[in-house]
Structures are given as structure tokens and as C-alpha cells.
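Q: Sharing a structure with you now.
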Amino acid sequence: MKLSAKVEYGVRAMAILALYYKEGPLPLREIAEQEKISLKFLEQIVPALRRSELIKSVRGAQGGYILSRPPEEIKVGDIVRSVEGPITPVDCLAEDRDDSCCHHKDGCLTRQVWEKLRDKINDVLDDVTLNELISLKPTQTL
């Protein structure tokens, strides 16, 4: 299982916004340059973060993007779900699934494994805030 580039870049962009949180808005171009992310690709990620109210835009000469709340209140899981949607390792766990996706709906032998996997992934992502993320040294692991 692999997370998308959108998720990776979304988390990296949010980490930069967390680093500069007390300094005010940061232009998207600066985030892209610092993280060596394509500006065009970053522009595709930002609307999802805004819709989820994780960031807000500030207009004007000193404008840009800023976190909508302090870094210690934003979890990595919030970012992942904002950009990618709910974490569902298999289609049958998706909230918007139709019942035709699996003919073992009522007697699935493996469903409990996939549910446990989903829950563990969510637990790990929801256990780390942006504040914790930016305070970790690059060699530290979660």
C-alpha cells in the first residue's frame, strides 16, 4: 500500500506552514521552492486543504496561505483524509461503496483484517500533530 504524491506533498506543505505559523502567511511559490514541489501540482492540493478548513488564504502584498488553527491542533491524519479522502485499504470499507463491490458482504472472512489495518493506520496518523512533526529531527522516527 502506498500513499499518493498528493498526500506526501500536502503533508510537506502543511509542515512548512507550521514552521512559519507565527510569522504569517506564506506564498505558495515559497512553499513549492522550499520543498522542491511543482507549483502547479501544489495548486491542485491546496483547494482540498482549504475546503477542509486546514488552511486559509490571505490576500494582498503580504498574502499567501496560513494554517487555520495552531499546528498542535492539526493532525497528520486530518491532512491525509483532506487530500485523499477516507483511508480504506479495500473497496468494501469505503463509506460510499455500493453493495455490489463485494459478494461476501455478510460473511467475509478477511474483513476484520482490513478493518484492523484501516484503524491502525488512522491511529498512527491521528497520533501525530503538525507541531510534533516539525519538532522531530530528520533522523527520528515516529
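Q: Restricting attention to the stretch 53-93, which residues are closer than 19 Å to VAL7 by Cα, aliphatic (A, V, I, L, M) and either more than 14 Å from the chain's Cα centre (by Cα) or at pLDDT 95 or above (or both)?
A: LEU54, ILE55, ILE66, LEU67, ILE74, VAL76, ILE79, VAL80, VAL83, VAL90
Q: While we're here: Mind counting the residues in the stretch 22-52 that are of a type outside the set (Lys, Arg), without any contact (Cβ under 8 Å) to a residue 40 or more places away in the chain and not in a helix (DSSP H, G or I)?
A: 4
Q: Tell me whether the stretch 2-16 contains one or more residues that are farther than 30 Å from TRP114 by Cα and in a helix (DSSP H, G or I). I'd like the intermediate steps shown before the answer.
A: Keep residues of the stretch 2-16 that are farther than 30 Å from TRP114 by Cα, which gives 16.
Right, trim to in a helix (DSSP H, G or I) and you get 16.
Checked the stretch 2-16: at least one residue is farther than 30 Å from TRP114 by Cα and in a helix (DSSP H, G or I).
Q: Quick check on my filter: what residues within the stretch 18-28 are more than 15 Å from the chain's Cα centre (by Cα) and surrounded by 12 or more Cβ atoms within 10 Å (Cβ to Cβ)? Steps first, answer last, please.
A: Residues of the stretch 18-28 more than 15 Å from the chain's Cα centre (by Cα): 19-28.
LEU19, TYR20, TYR21, PRO25, LEU26, PRO27, LEU28, listed by residue number.
Q: Just wondering, is there one or more residues in the stretch 64-86 that are in a loop (DSSP other than H, G, I, E, B), over 21 Å from ASP127 (Cβ atoms) and of a type in the set (D, E, K, R)?
A: Scanning the stretch 64-86 turns up no residue that is in a loop (DSSP other than H, G, I, E, B), over 21 Å from ASP127 (Cβ atoms) and of a type in the set (D, E, K, R).
Q: Select, from ARG97, ARG111, the only residue that is surrounded by 14 or more Cβ atoms within 10 Å (Cβ to Cβ), at pLDDT below 65 and farther than 15 Å from MET1 by Cβ. If you could, list the steps in order and put the result at the bottom.
A: Values: ARG111 fails: at pLDDT below 65.
Criteria check complete, one pass: ARG97.
Q: Among LEU130, LEU142, LEU125, which is among the aliphatic types (A, V, I, L, M), at pLDDT below 65 and touching a helix residue (DSSP H, G or I) at 6+ places or on another chain (Cβ under 9 Å)? Walk me through it before giving the result.
A: Details: LEU130 fails: at pLDDT below 65; LEU125 fails: at pLDDT below 65.
Just a single option satisfies the conditions, and that option is LEU142.
Q: While we're on this one: When you scan the stretch 35-49, how many residues do you find that are out of contact with any Lys or Arg (no Cβ under 7 Å at 6 or more places or on another chain) and exposed (fewer than 15 other Cβ atoms within 10 Å of the Cβ)?
A: Selection size over the stretch 35-49: 7.
Q: Among the residues in the stretch 40-48, are any at pLDDT below 95 and in contact with a strand residue (DSSP E or B) (Cβ under 8 Å, 6 or more places away or on another chain)?
A: No.
Q: Pairs, please: C-beta under 9 Å, at least 6 apart or cross-chain, first residue at negative phi and charged (D, E, K, R) and in the stretch 106-125, second assigned to a helix (DSSP H, G or I) and surrounded by 12 or more Cβ atoms within 10 Å (Cβ to Cβ)?
A: Going by the 9 Å Cβ cut-off, the qualifying pairs are ARG111/CYS92; ARG111/LEU93; GLU115/LEU93; ARG118/LEU93; ASP123/GLY77.
The values are calculated or read from the model by the stated rules, or taken from the named source; none is laboratory data. Keep in mind that this is a model prediction, so the values were computed, not measured. Cβ: placed from backbone, ideal geometry, glycine included. Neighbour counts: every protein chain shown.
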